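Structure, as structure tokens:
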Amino acid sequence: MVLGERLSEGFILYRDVYDTTAPLAASFFWLLDFAFGRNVLVYRILAGVLIFGQGMRLNATFNQQALLPDKSYLPALLYFVFGSIFFELDTLSPLLIGLTFIVFALPYLINPPKENTSNSRLFKGGFLLGLAALCHLPFLLFIVFAFFAVTLFAFNTFRSFLLLLCGFLFPYAVVFTFFLYTAALPNFIEYNLLSGWKFYLDLVLPPLDLLKILAIPFLLLAYTVFFAIVHAPGLNYQLKFFQLMLIWLPIALLTAIASQNISTVSWLLFLPVLAYFGTFFLLRSAKAWIIEPLFLVLLGLVLLTRYHQLLPQTKYTQLNISQITVHQDARYHAVKNARILVLGDDYNYYAVNQAATPYINWQLAQEDFGQLDTYYAVFKIVRNITASRPDYIVDEARLMPQLQHKAPLEFSRYRQIEKSQFYERIP
């Protein structure tokens with residue numbers, strides 16, 4: 001919301017707004033802010049619509065291409081159930097938006113041999129993969145998945161992969177051109193294309209809490225994959241797709257690691273394979289009488305996990321979700337409906353305020369505020385602050401005394417409020 005709000009004011013991503021969010025997802029947030037403003041309900045409903053659309057598209061792909069032993073709505077059912085295991089999954093995130101393009105690209109990557117290779121289908125598949133990467137950069141790794149899909153299903157592998165690659169690069173060519181003419185191309189390369197490959201892991205939720213939420217779906221996924229390997233499909237076409245979905249697993253794992261912030265949202269990457277292998281298990285299980293009771297037990301466990309706050313608060317049921325929810329502390333509401341600059345990584349101040357400067361991502365802001373001993377960093381900060389002076393500065397990093405000393409003409413305008421972290425701009 002903070003990013004979309006800033007962009008809707010006419011500022012250009014990467015040039016006037018420093019953030020690592022991929023450009024297509026940022027444009028999505030800009031359109032939402034332009035159309036609905038700060039409407040949390042719209043964000044939640046739209047996330048639910050995307051989950052529903054992904055499940056129905058995946059189910060239609062399995063049925064139309066006869067990729068499972070029988071046609072059914074079990075893939076969509078499993079997708080909806082395990083896509084709702086925790087409230088963070090139906091939060092509108094770049095990963096969720098990008099996964100929608102991955103799911104919709106899947107049928108274009110698996111051309112039945114009787115249809116031969118279709119140029120337009122491969123180009124469309126690559127184009128959708130490119131849009132996915134423009135929503136969430138680590139989806140670039142799915143080009144490897146697409147290569148294996150072409151290898152398994154296409155007749156002329158090299159030519160087919162070139163067509164796929166052309167479709168993949170086309171949206172990137174458009175984006176590169178746009179940022180070139182808006183003088184934001186160097187920052188786009190630095191803040192988005194290069195920043196996403198540091199491969200450091202930041203657990204948004206405590207490891208034990210993450211395990212409590214995702215233990216059941218991952219155990220089910222592991223068992224159904226093992227079952228499918230033992231009872232592999234007999235038809236050649238189904239066997240090829242079975243092998244392709246096995247390749248999805250390591251690609252999804254690498255994508256989750258490349259995403260850097262590991263949370264329950266990362267489970268979305270494994271949801272399509274659970275829908276496939278879970279359905280395969282339910283349709284091929286020899287003990288058919290146990291399927292319905294097993295599904296009811298799994299559904300009950302999912303509901304208990306989703307609505308854990310209704311359970312008695314014990315060390316087994318309590319979850320620390322402070323990092324993924326908005327805090328209601330009084331200090332965050334000391335200033336309301338103002339344009340602010342937060343010198344720190346606490347986004348809670350923006351819940352009732354607006355961002356006034358390009359520095360909405362503290363990790364990137366450190367390039368300037370972490371080098372106050374250099375002339376260029378101070379000059380750049382002053383230039384960005386002068387362009388749109390905030391009403392208040394929240395000094396969590398305790399940098400204001402240093403800023404007032406090194407850039408007094410600009411920062412002497414701000415007066416500390418009763419020894420707090422807030423500095424108010426003097427008219």
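Read the figures in this text as sums done on the coordinates, not as results from a lab. Small disclaimer: the values here were computed from a predicted structure and weren't measured. Neighbour counts run over all protein chains shown; Cβ positions are idealised from the backbone, glycine included.
Could you work out how far apart the two model spin labels at residue 91 and residue 31 are, taking each label as a point 7 Å from the Cα in the direction of the beta carbon, and quote it in nm?
The modelled label-to-label distance comes out at 2.3 nm.
Can you tell which of 274, 78, 296 shows the greatest fluctuation in a Gaussian network model of the chain with Cα springs below 10 Å?
296
Report, largest value first, the span of the C-alpha coordinates of the stretch 333-425 along each principal axis, in whole Å.
So the three principal-axis extents are 35, 26, 22 Å.
Between 213, 290, 189, where does the largest GNM mean-square fluctuation fall for the chain, given springs only between Cα atoms within less than 10 Å?
290
Would you be so kind as to identify which of 75, 97, 334 lies farthest towards the positive end of the dipole of the chain, taking Lys and Arg as +1 and Asp and Glu as -1 on Cβ and the Cα centre as origin?
Of 75, 97, 334, it is 75.
Kyte-Doolittle mean at least 0.5 and Cα extent at least 30 Å along the axis: which DSSP H helices of the chain qualify?
Working: long enough: 40-64 (36 Å, 0.87); 157-181 (36 Å, 1.75); 207-230 (32 Å, 2.07); 236-258 (33 Å, 1.32).
Going by DSSP H runs, the hits are 40-64, 157-181, 207-230, 236-258.
In nm, to one decimal, how far is the modelled label at residue 416 from the one at residue 352, with both set 7 Å along Cα→Cβ?
Label-label distance for residue 416 and residue 352, simple model: 2.4 nm.
Of the options 257, 272, 47, report the single residue whose Cα projects farthest towards the positive end of the charge dipole of the chain (beta-carbon charges: Lys, Arg +1; Asp, Glu -1).
272
For the stretch 138-293, report the % of Cα-Cα distances exceeding 25 Å.
More than 25 Å apart: 48 percent of the Cα pairs in the stretch 138-293.
So what's the chain giving for Cα Rg divided by 2.2 N^0.38 Å, two decimals?
Details: Rg = 24.3 Å, N = 427, 2.2 N^0.38 = 22.0 Å.
The reported ratio for this selection is 1.11.
Can you tell me what share of the DSSP beta bridges in the stretch 333-425 is antiparallel? A percent to the nearest 5 is fine.
55
Could you work out the relative contact order of the stretch 333-425? I mean the mean sequence separation of Cα pairs under 8 Å and 6+ apart, divided by the number of residues, in percent.
That works out to 28 percent.
What longest range of the chain stays clear of loop-exposed trypsin sites (Lys or Arg not before Pro) (DSSP non-H/G/I/E/B, at most 11 other C-beta within 10 angstrom)?
Answer - 1-197.
Chymotrypsin sites (Phe, Trp or Tyr not before Pro) within the stretch 128-186: which are DSSP loop residues with at most 12 other Cβ atoms inside 10 Å?
Counting only loop positions with at most 12 other Cβ atoms within 10 Å, the chymotrypsin sites (Phe, Trp or Tyr not before Pro) in the stretch 128-186 are 155.
Taking only C-alpha pairs under 8 Å that are 6+ residues apart, what is the relative contact order of the stretch 2-310 in percent? Show your work: numbers first, answer last.
On the way: 391 pairs, mean separation 72.5, N = 309.
Reported as a whole number, the value is 23 percent.
Which distance in nm do the two modelled labels at residue 49 and residue 63 give, with both placed 7 Å along the Cα-to-Cβ direction?
About 2.2 nm, to one decimal.
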